[in-house]
Each structure stands twice: as structure tokens, then as C-alpha cells.
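Worksheet: the structure to be examined is printed underneath.
The values are calculated or read from the model by the stated rules, or taken from the named source; none is laboratory data. In this text the structure is predicted, and so the values were computed from the model without any measurement. Methodologically, a virtual Cβ is constructed for each residue, glycine included, from the backbone with ideal geometry; neighbour enumeration extends over all protein chains shown. These accessible areas exclude ligands, DNA and RNA; they are computed on the full protein's heavy atoms, side chains included. Shrake-Rupley method; radii C 1.70, N 1.55, O 1.52, S 1.80 Å.
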Amino acid sequence: MQALRNIGIIGRITMLEGARKQVFHVLLMVAVVMIFGSTVLAHFDDKVQAKMLADLSLASMFFVSAAIAITITVTGVPGEMEQKTVYPVLAKAVTRSQFVLGKFAGAMGTVAIGMAVMALAFVFVEWWFLAGHIDFAVLYVVPFLFLETAILAAISLALSTVCSWPLAWFLSVIVCLVGNVKFQLYASLMAKHPTPFNKIAISGFYHVLPSLESFNFKDALVHHLTVPNVYLWQTALYGLCYTAAMLTLASISFRRREL
């Protein structure tokens, strides 16, 4: 119970700090403006309007949430170390693992606030401009976007414990971009580099990188497709396991780091 209390305290402080940052307000405002602005670009029939609205809104929601998560996590631990504020925290019976988990929880709390605002904006716009229609698939599309963002935050946190925060930010963005085109990229590279060594190397990277594309259920929302519950549970389990693995690596790396 003491460990959970320590993680909760650090998480709450991190969340409040993240929510007060100017970059959070700017990114959130940009996303809300893009969600409402999507209605201006969608003066077509109802089906095209709904598709464009969902495409732009969910894309804005993900990329802004990912930017917030990456920015907060890559600067969290290094910032505490540079400002020397990590020392009194660790001196108060708080382990390094609890500190890392608290930082992650706080960052995701900030993301949750931003994503909730964007989701409400999207639901309102959809209800207002589509004659009271609301697609309740958003109830699982948004949580899976949140889980996808959590994976990126865990990766960013792990990278921030082994390299400088600008490099960690850059690598996290690369992982975000590659993870969303992982399947197409794998097929293309395997076709262009058929030698055994290249196939082993490409397969290694393929299995290490997260399959972020698996969490994108935008098409299901746009085209009113039914996603099997088994696939939803498998994807959720994969996301939780990958996040837990990255947080474990971050904790191990931070425990071994000299302060």
C-alpha cells in the first residue's frame, strides 16, 4: 500500500505539472480547433462528411496525445535530475521503480485529461453536424488510442533513462511513425532484401517494434464495422504487456544509473 501511495503522489504531482505546461494547452487547443474545423472541409453528403470528420478528428486526437505523452515523459526524469529535485524524493523511502512508475502514471493522467476533452469535442461535433447521430464505437476506439499512447509513453520513458532527452524524443517519434506502418514496411523490406542475414535482421526489428497499427480502429468507426471481441481482448493484452515490458526496462535502467 505504501508503494501505491508513493506512486500516486508522484503521479499526481507530475499530472498537475504537465497540465500546467504551455505546450499542453497549445497542443490541446490545436486539436480542438482541427476537430471543429473538420466540419468546414466536409460539405459533402452525409457518408463522406462522417468519414472526413472521423478521419481528421481521430488523427488529431492520436497525434496530439502522442506528442503530449512523448514530451512529458522524455523530459520528466532528466528534468528532475537536472534540477536536483529527484534526490529529496528518493531520500523519502521512495524507490527508483516507484519514481519511474509515478512519472509514467502522471504523464498518462495528463494525456487522459487532454484525450477526454478531445473526445467530448468530437462527440459534440458529430452529434451537432450529423443531425444527432453518435457512433458509439467511439467508446472503444478512444480507449485503444489511449493504450497506443501509453505504449509510446513507456518507450519514451525507457529511452530517457539511457540517452539525452532530445535524442529520446527523436527516437520516440521515429518509433511512432514506423510502428504505424510496421506491416507494410516489413513486407516491402523483405521483398527488397531477400538475403538470409537481412531477413533475420528485419524480422528482429519487426518483433521488437510495437505494432501500433493494431490499435487503430478508425475504419471500424467510419465504416460501422464490427470488431470481434476476441481481437479486442488480444490487442488490449498485447498493449498492456508491451507497456509493462517497457516500464520494467525503464525501472531497471534507472536503478542502474548513477545520480
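A few notes on this one:
- In the chain, lysine pairs with alpha-carbon atoms under 23 angstrom apart (chain gap of 8 or more, or interchain): 10
- Highest-fluctuation residue, G239, G204, G179 considered, GNM on the chain with Cα pairs under 10 Å: G204
- FRET efficiency estimate (nearest 0.05) - Cβ-Cβ, L240 to F36, R0 41 angstrom: 0.80
- Note on surface exposure: E82, E17 rank E82, E17 by accessible area, highest first, 1.4 Å probe.
- Accessible area per residue for the chain is 53 Å², calculated with a 1.4 Å probe on protein heavy atoms, without ligands, DNA or RNA.
- Computed lengthening from L225 to C163, 0.36 nm per intervening residue step minus Cα-Cα distance: 18.1 nm
- Angle between the chain longest axis and helix 46-82 axis [Cα atoms, degrees, rounded to 10]: 10
- Computed lengthening from A59 to S188, 0.36 nm per intervening residue step minus Cα-Cα distance: 44.0 nm
- With every protein chain in place, the chain: carbon and sulfur % of accessible area (1.4 Å): 72
- Mean projected area of the convex hull spanned by the Cα atoms of the chain, taken over all viewing directions: 16.3 nm².
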